Amino acid sequence: MGRWGAVATQLVIGGCAFLKSLRIGGCRLLGVDWAAARTPKRARGRPLGPPSRRGLLAEGEVLGGGGQATVGKMAYQSLRLEYLQIPPVSRAYTTACVLTTAAVQLELITPFQLYFNPELIFKHFQIWRLITNFLFFGPVGFNFLFNMIFLYRYCRMLEEGSFRGRTADFVFMFLFGGFLMTLFGLFVSLVFLGQAFTIMLVYVWSRRNPYVRMNFFGLLNFQAPFLPWVLMGFSLLLGNSIIVDLLGIAVGHIYFFLEDVFPNQPGGIRILKTPSILKAIFDTPDEDPNYNPLPEERPGGFAWGEGQRLGG
């Protein structure tokens, strides 16, 4: 039973082995009727039958079933906790992509109801296509899994990194990037823009983390700013069109330049400003700037300040 994570202790009586205790997952299961186990084969003239239902078998069946339910409940709670720990924007977007793909896979909807079509949007007022074309990444397969991994990873790292505590700014980047891609989509024959959006997220993250060393499938070692170009080369090797990757890189560069480069130039200003309505919806109220914590509330009793970013 050890191979199932159980530890059993045996008691040998007259050449017969009896379970003394049974331990599964740190829980000890008791219930052996030792009086019955020590009783001779005949008691009061009657043959000794099988152990009563009060014995180990009955207890094991009840407790075993409960143990499986407990393990399943713990696994569900752990998965739920891990899911809720994902930042809200990354969680919402990744979940929407997975659910959309699942709905198509189950034939509840078809890709023809989702793709980007300017005529249907502006003439037939199918406005949902402005959003759904960013949510479908094709049928479940290698390409879908590859895109989901990169989308989840870099979207979450951006939200937990440079956009930490700035959810409204992160949402505004989504809206700005989606608007530019939709605008460019009017002039290129792209019906789904989700992959381009993922490349945009990768590009912004890579430019904001220029000193991170990357390894691609154990074959290439490079620094983070080269990651979007490596992905484009990989897509080219697979025979895919690189228009999607180029669109994502272009939009990502425009956002990075307007947000991180131009405002720091002599005479430069910050053009991209998050609307107040987004800040009111997504950002939590700032802490009181005049609040001075007591010494015992500071780590080590020192007045800790904000550090500088390495390499900045």
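Legend: P(r) of segment 127-172 from all alpha carbon pair distances, 5 Å bins from 0, whole percents, reading 5, 18, 18, 20, 20, 14, 5. Taking all protein chains together and rolling a 1.4 Å probe, Ser78 ends up with roughly 70 Å² accessible. Counting only protein chain heavy atoms and rolling a 1.4 Å probe, the accessible areas of Thr182, Thr110 rank, largest first, as Thr110, Thr182.
Once the Cβ-Cβ distance of Val71 and Ala92 is raised to the sixth power relative to R0 = 41 Å, the FRET efficiency obtained is 0.85. Spacing of the modelled spin labels on Leu220 and Leu246, each 7 Å from Cα toward Cβ, amounts to 1.8 nm.
Qualifying trypsin sites (Lys or Arg not before Pro) in segment 132-219, where qualification requires a DSSP coil assignment and no more than 15 other C-beta atoms within 10 Å, comprise Arg164. Normalised by the number of residues in segment 77-216, what is the relative contact order in percent for Cα pairs under 8 Å and 6+ residues apart? Averaging sequence separation for qualifying contacts and normalising by length gives 28 percent for segment 77-216. Here the convex hull built on the C-alpha positions of segment 168-290 has a volume of 164 cubic angstrom per residue.
You can think of it this way: the chain between Val140 and Leu120 has 4.6 nm of extra reach, that is 0.36 nm per residue less the Cα-Cα gap.
The values are calculated or read from the model by the stated rules, or taken from the named source; none is laboratory data. It should be emphasised that the depicted structure is a prediction, and the values quoted were computed from it without experimental measurement. Ideal geometry is used to build each Cβ from the backbone, glycine not excepted, and the neighbour counts take in all protein chains shown. Keep in mind that these areas ignore ligands, DNA and RNA; they rest on the heavy atoms of the full protein, side chains included. Shrake-Rupley method; radii C 1.70, N 1.55, O 1.52, S 1.80 Å.
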